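Every read-out reported here was derived from the displayed coordinates using simple, explicitly stated rules and does not represent laboratory data. Predicted model, so just to flag it, every value in this text is computed and none were measured.
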Amino acid sequence: MSLIITILVVFFLGSGLVFFSAGAVGIIRMPDFYSRMHPAGKLDTLGIMAMVLGLAIYNLEHFSLTSLLLSLKMLLIVFFVFLSSPTATHSIVDAGIRAGLRPWTREKKG
């Protein structure tokens, strides 16, 4: 595998790992349901986009029609996740609002 492709693959996989890790920390650290949905929706989408893009590039190491079609399918999955993840996050938040779940508010001291 050429050095440029290796660097790209490592960069995309590493950045995907960073996004997934930041999303996990954000889910743990946020105070309520609505705040936790933000890192779950945004950072997981970016993480899967970066990781699958890295895998699609890695798959093109031995270029053939089969590897090209497989990489194209991977990119179509990324496109589907890119469209559906924010929509699903919005639907889950809307269900929380309809169920009467109140947002977190800071308690005033004194």
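Projection of the Cα convex hull of the chain, averaged over all directions and equal to a quarter of that hull's surface, yields 8.9 nm². Given the range 4-59 reduced to its alpha-carbon atoms as identical point scatterers, what log10 I(q)/I(0) does the Debye formula return at q = 0.20, 0.31 Å⁻¹? These q points yield log10 I(q)/I(0) values of -0.64, -1.06.
If the segment from D94 to V81 were pulled out straight at 0.36 nm per residue, it would be longer than the present Cα-Cα gap by 2.7 nm.
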